[in-house]
Amino acid sequence: MLLCAKGQVLGQAAGRGTVVGTVIDAHTKQPLGFATVFIAQTTYGTNTAENGTFKLISLPSGSHELVVSFLGYQTLSHQFTLQPGQQLAFRFELMPAANQLQEVVIRPDTNWRYNYNVFLKNFLGQTANAAKTTIVNSDVLYFDFDPEKRVLSAEAIKPLVIENKALGYRLHFVLQDFKVDFQNGHTFHAGHPRFEEMKPRGKAQEKRWGEARLKAYRGSMMHFARALYQNKLEAEGFNVRRLQRLPNPNRPPEEEIQAGLKRARSQMSGPVVVKSNSSGPEDSLQYWMRMSRLDKTVTYLYKDPIPYHQIIAPDSVRNGQLKLLFSDYLNVVYTKEKEELGYVNQQPFSQRRAPTFQTSLITLTEPYTYIEPNGMIVNPYSHMVEGYWAFEKLAEMLPLDYTPAE
């Protein structure tokens, strides 16, 4: 529970501000010392003192999400906007979550190792960077599989500690939601990551990390959102066109196909007969099987790049944010970097091909959402991605305060 917030303008560095506050137990009103307080998906973070107080200085102005985490308590997050030179004060009251922890601990999972491997594949990813990324405290993870819906979900009783030795970051990830839907092939996860820069062994490793971070940034969703916000898509190497998926006019309705299959199978007491007459199409098992294999949709890709005004619009209420709103899909091609071989070869029985430009699809699951100047899409539930962006997962993630070298 957030109790109060107040702000005052101080003489700080241009474009910077400060957040101070206190973290207490919601029932006892006692301070919670050594609680973790951080700005989500950034390197800005600290721990509360023994009296529950904290201070985050030199924060960039703009919209942020402040996260408060403490073992045995429900994680609390609060979105706020910081003006240049402003200091905001908060008091957070955390609710105990002891009952939830007990419920998780006593739940057995005989398939833990298998579920964990599925989790790694869909959480960290399968890129070259993912191969150099490990979860230090994997024992805090618990899984649940729903056999009817064919959905695997995961939860963690503590923040996940993740070491990305490819990019030089240690992440503390408060996992909010994780699901793999095997029926439709969708994967979703949400949470609050806190970044810490790892200390390089020397100049050579520092240089490698810098180059790897720049490579991970180029063509990423964060890069795309920043370029879109600044109206620099083409200059930054992005080709964005509208894509539509419409019902396949050559495919009969699903109900008709299933009825035809059932009818044809019931007539298979003797030889299979292929019939054709003027009153309608052939009514055979081969015909209905062929219809069932047709794609349910056909794809139409527009020739010309989509104008900016059909993707983003200024918002008079949320200063500094732009509305992201468009119809159908955006087909996003990044022309300055090619695909990883791991992406090209991820389907073991597919036809081999040479890597080409990275191509992704994004669609909105809500009427609109917001993007920030730092490249953050505010609501993780507001959109879905396919293609290369779906291949790049947590092992490619960079903090929102990352700035590529000129």
Looking at 318, 352, which is the one that is part of a loop (DSSP other than H, G, I, E, B), open to solvent by 50 Å² or more (accessible area, probe 1.4 Å) and either within 30 Å of residue 248 (Cα to Cα) or modelled with pLDDT of 95 or more (or both)?
352
Across region 186-211, what is the number of residues that are in contact with a strand residue (DSSP E or B) (Cβ under 9 Å, 6 or more places away or on another chain), surrounded by fewer than 17 Cβ atoms within 10 Å (Cβ to Cβ) and of a type in the set (D, E, K, R)?
2
Taking region 226-276 and keeping only residues that are modelled with pLDDT of 95 or more and part of a helix (DSSP H, G or I), one is left with 226, 227, 228, 229
Restricting the search to region 324-336, which residues are open to solvent by 30 Å² or more (accessible area, probe 1.4 Å) and in a strand (DSSP E or B)?
329, 335, 336
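The rows are residues; the columns are (1) in a helix (DSSP H, G or I); (2) modelled with pLDDT under 95; (3) surrounded by 14 or more Cβ atoms within 10 Å (Cβ to Cβ); (4) not acidic (Asp, Glu).
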residue	(1), (2), (3), (4)
88	no, no, yes, yes
114	yes, no, no, yes
117	yes, no, no, yes
122	yes, no, yes, yes
What are the residues in region 40-63 that are under 22 Å from residue 375 (Cα atoms) and either in contact (Cβ under 8 Å) with a residue 60 or more places away in the chain or among the small types (Gly, Ala, Ser) (or both), if any?
40, 41, 42, 43, 44, 45, 58, 60, 61, 62, 63
Kindly list the number of the only condition in (1) part of a loop (DSSP other than H, G, I, E, B); (2) touching a helix residue (DSSP H, G or I) at 6+ places or on another chain (Cβ under 8 Å) that fails for residue 367.
(2)
If I ask for residues that are within 30 Å of residue 335 (Cβ to Cβ), crowded, with 16+ Cβ neighbours inside 10 Å and small (Gly, Ala, Ser), which ones from region 231-262 would you list?
237
Based on this model, can you work out whether residue 183 counts as open to solvent by 60 Å² or more (accessible area, probe 1.4 Å) and in a strand (DSSP E or B)?
no
Tally of residues being under 16 Å from residue 242 (Cα atoms) and among the small types (Gly, Ala, Ser) across region 332-368:
1
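The values are calculated or read from the model by the stated rules, or taken from the named source; none is laboratory data. Everything quoted here is computed from the prediction, not taken from an experiment. All Cβ positions, glycine included, derive from the backbone under ideal geometry; neighbour counts span all protein chains shown. These area figures cover heavy atoms from the full protein model, side chains too; ligands, DNA and RNA do not enter into them. Shrake-Rupley method; radii C 1.70, N 1.55, O 1.52, S 1.80 Å.
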